[in-house]
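**Student:** So that we are looking at the same thing, I have put the structure below in structure tokens.
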Amino acid sequence: MNAKGLRAALAADPNIGAGNVLGTVLAHGADPAGPGLIFDTEVDGRPAGYELTLGELDTMVDARAAWLHARGIRRRDPVAVWATAAADTVLSFLALTRIGAIPALMNGKMTPEIAAEYIRRLRARGVLADAAHTELLAGHDLNAELLGQPAELGTGDPAAAPERHRHHQDDPIVITHTSGTTGVPKAVLHTHRTLFASQRHLLSMPQAQGTNRVLNALPIPHTATVLMVCQILCNRGTMLCLSQQDGPTVLAAIERWHPEAVYGFAVTWADLARFDLSTRDVDSVRMWFNTGDCAHETHIRRLVAVGSRETVTRAGRTRTKGSHFVDGLGSSEMGHNGFHVTHTPDSDHYGRRIGRVYKFAEAAVLDADGAELPAGTIGRLGFRSPSMSPGYWNDSVTTYRARLGGWYLTGDLGYRDEEGNYYHVDRDPDAVVGDGYYTALSEERILAACPEVLDCTVVIVAEDGGIVTDVLLELVPDADPDVDRTETIRAALGEPVGSTLNRVVAIRQDDVPLTVTGKVRKFLLRQKHLSRGSA
């Protein structure tokens, strides 16, 4: 069956979901000799970069399912997976869902204390941890059995694998987690149905250009990577999964592997924008796809200036210099980007525009009581979609606190225009009460106005009855860090934030505290500010 016919068959299959994509694709006649996945580390004796066929991938998953089943793992058993290598996490996910268990995927950058507490809250049946993370867990009470290392699962006998679990659409199939900006991350549950809802929609549409050869630079344990595994298997494309998502690693992979599309978070684009990409071998890239937090204009412009894309002219299809950047706003809870907007080198629709809602979803801007606000008025973003998580694992209180008037509250502040485009101004916890005091919007203005600033962090604090703003700047290498930039930054900020500017500090990239997925932990910066006072 060709790829187009397979996509149509999968879209019409009422039983497919995020828990059984691999088996269902094969059952519909996909060629076992066709593409499976590519990992950046050695797996089961195969070297890094080896292109697994679909059949080889299925056999490797069977071996792991047999190993898990022999150790008593059964359907509905939550199993935590804490590892660094992409192969360890992805193959463990596929094997656990193969037998109906519930993989709980954990970011390898968690601290041991937070990881142990997270596992305890999961009430996990068992834990799979690689050697480094097994050592980190030593001495911690997990209230769960350490089953072994993910790489050991490959020693199972594929012939001993149990029958594939027959998923119901409401079956839980994965637990991922939020970035943990304020402490222990929230455990986000997704079902067979919710995590395939966006893919079912995409399968009914023409396949986007650049999605046959994908570099996955998304955090591996994140919901977004699970979505990408489903997407690439359904599209019968090729995907290289990176275990690390920093700029140098991603750029080296682009130059070595020549992908058509690169998927990642805003922190990766900011890191890539530090390089002079015009001198690098990135012409293969047609599309950059961003999820999580929306990206900054200055970083997007540096990416779309390179690569190439197909355009339609009177002479037919032709390749044009400059690529696409698909921006938006998403989260683990939303299950897929809720919004989308496409940029090219000719774009002028920035200003933190996150675009329109996907056709399978709905959004609204709400006041504190859940009433919808008119166009142009900033409020809380509400979202609803068949892709939405049903809630937080073992935490009904937090689940229902995030709902208001039938909407899920994304934790973001924004507005919409009369044409139905949405704009993001800040994360709710990072904004200060008062019209116009928004940190993300302030960062956007500084980056747009100051070419010598590579990245920046704005911290706005309410204290002593007033508002105080600190600005942390990461400068280009040849910029003088001792130059007083206060008035330049004040002008870029505009009113009312500019009038509250307290200090402008040049910093290094490593000076800003980040979550495991690369978000700035602004609450820590606010605490530091308050603890030292406004000198």
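**Student:** Taking G72 and the conditions (1) in contact with a Lys or Arg (Cβ under 6 Å, 6 or more places away or on another chain); (2) in a loop (DSSP other than H, G, I, E, B), which numbered condition does it fall short on, given that it satisfies the others?
**Tutor:** G72 satisfies every listed condition except (1).
**Student:** When you check D246 against the structure, is it among the charged types (D, E, K, R), surrounded by fewer than 24 Cβ atoms within 10 Å (Cβ to Cβ) and closer than 30 Å to A116 by Cβ, yes or no? Steps first, answer last, please.
**Tutor:** Values: among the charged types (D, E, K, R): yes; surrounded by fewer than 24 Cβ atoms within 10 Å (Cβ to Cβ): yes; closer than 30 Å to A116 by Cβ: yes.
So D246 passes the test.
**Student:** Another question about this same structure. Which strands (runs of 3 or more DSSP E) does the stretch 253-325 wholly contain that include 2 or more residues that are surrounded by fewer than 21 Cβ atoms within 10 Å (Cβ to Cβ)? Spell out how you get there, then give the answer.
**Tutor:** Values: elements: 261-265, 287-291, 308-313, 316-321.
Of the strands (runs of 3 or more DSSP E) lying wholly inside the stretch 253-325, those with at least 2 residues that are surrounded by fewer than 21 Cβ atoms within 10 Å (Cβ to Cβ) span 308-313, 316-321.
**Student:** Let me ask something additional. Cβ contacts < 7 Å: first residue buried (at least 18 other Cβ atoms within 10 Å of the Cβ), restricted to the stretch 75-87; second residue among the basic types (K, R), any location; separation 6+ or different chain. Result?
**Tutor:** Matching pairs, first to second residue: P78/R123; P78/R125; V79/R125.
**Student:** So A224 ticks every box in (1) part of a helix (DSSP H, G or I); (2) small (G, A, S); (3) at pLDDT below 95 but one. Which box is left unticked?
**Tutor:** Only one criterion in (1) part of a helix (DSSP H, G or I); (2) small (G, A, S); (3) at pLDDT below 95 is unmet by A224, namely (3).
**Student:** Give P172, P162 a once-over and let me know the one that is within 18 Å of V21 (Cβ to Cβ) and either modelled with pLDDT of 95 or more or in contact with a Leu (Cβ under 9 Å, 6 or more places away or on another chain) (or both). Please lay out each step first, then the result.
**Tutor:** Numbers: P162 fails: within 18 Å of V21 (Cβ to Cβ).
Checking each option against the conditions leaves just P172.
**Student:** OK, next. Just to be sure before I move on: is L233 part of a helix (DSSP H, G or I) and surrounded by 24 or more Cβ atoms within 10 Å (Cβ to Cβ) in the structure I sent?
**Tutor:** yes
**Student:** Would you mind stating whether L447 is farther than 24 Å from F275 by Cα and touching a helix residue (DSSP H, G or I) at 6+ places or on another chain (Cβ under 6 Å)?
**Tutor:** Details: farther than 24 Å from F275 by Cα: no; touching a helix residue (DSSP H, G or I) at 6+ places or on another chain (Cβ under 6 Å): yes.
In short, no.
**Student:** Might you check whether a residue that is over 18 Å from the mean Cα position of the chain (by Cα) and surrounded by fewer than 24 Cβ atoms within 10 Å (Cβ to Cβ) occurs anywhere in the stretch 223-230? It would help to see each step written out before you state the result.
**Tutor:** Taking the stretch 223-230 first, the residues over 18 Å from the mean Cα position of the chain (by Cα) are none.
No: the stretch 223-230 contains no residue that is over 18 Å from the mean Cα position of the chain (by Cα) and surrounded by fewer than 24 Cβ atoms within 10 Å (Cβ to Cβ).
**Student:** Same structure again: Please give the strands (runs of 3 or more DSSP E) falling wholly within the stretch 408-475 in which 1 or more residues are of a type in the set (S, T, N, Q) and either in contact (Cβ under 8 Å) with a residue 12 or more places away in the chain or surrounded by 22 or more Cβ atoms within 10 Å (Cβ to Cβ) (or both). Talk me through it step by step, then tell me what you get.
**Tutor:** Numbers: elements: 422-427, 453-463, 466-475.
Result: 453-463, 466-475.
**Student:** Of all strands (runs of 3 or more DSSP E) completely enclosed by the stretch 99-210, which ones contain at least 2 residues that are more than 19 Å from the chain's Cα centre (by Cα) and surrounded by fewer than 18 Cβ atoms within 10 Å (Cβ to Cβ)?
**Tutor:** It comes to 145-148.
**Student:** Could you tell me whether any residue of the stretch 351-371 is aromatic (F, W, Y), over 30 Å from T194 (Cβ atoms) and surrounded by fewer than 23 Cβ atoms within 10 Å (Cβ to Cβ)?
**Tutor:** Scanning the stretch 351-371, I find no residue that is aromatic (F, W, Y), over 30 Å from T194 (Cβ atoms) and surrounded by fewer than 23 Cβ atoms within 10 Å (Cβ to Cβ), so the answer is no.
**Student:** For residues in the stretch 1-21 being in contact with a helix residue (DSSP H, G or I) (Cβ under 6 Å, 6 or more places away or on another chain) and within 28 Å of T155 (Cα to Cα), which is surrounded by the fewest Cβ atoms within 10 Å (Cβ to Cβ)?
**Tutor:** V21
**Student:** Looking only at the stretch 1-33, how many residues end up being closer than 24 Å to L195 by Cα and part of a loop (DSSP other than H, G, I, E, B)? Can you show your working first?
**Tutor:** Taking the stretch 1-33 as the starting set, the residues that turn out to be closer than 24 Å to L195 by Cα are 3-30.
Restricting the remaining residues to those that are part of a loop (DSSP other than H, G, I, E, B) gives 13-20, 28-30.
Looking only at that region, the number is 11.
**Student:** To continue, here is another question. Might you check whether a residue that is in contact with a strand residue (DSSP E or B) (Cβ under 7 Å, 6 or more places away or on another chain) and at negative phi occurs anywhere in the stretch 55-64?
**Tutor:** Filtering the stretch 55-64 down to residues in contact with a strand residue (DSSP E or B) (Cβ under 7 Å, 6 or more places away or on another chain) leaves 56-57.
Imposing the further condition that a residue be at negative phi reduces the set to 56-57.
The answer is yes; a qualifying residue exists.
The values are calculated or read from the model by the stated rules, or taken from the named source; none is laboratory data. Since this is a predicted model, take the numbers as computed values, not measurements. Cβ sites come from the backbone with ideal geometry, for glycine too, and all protein chains shown count toward neighbours.
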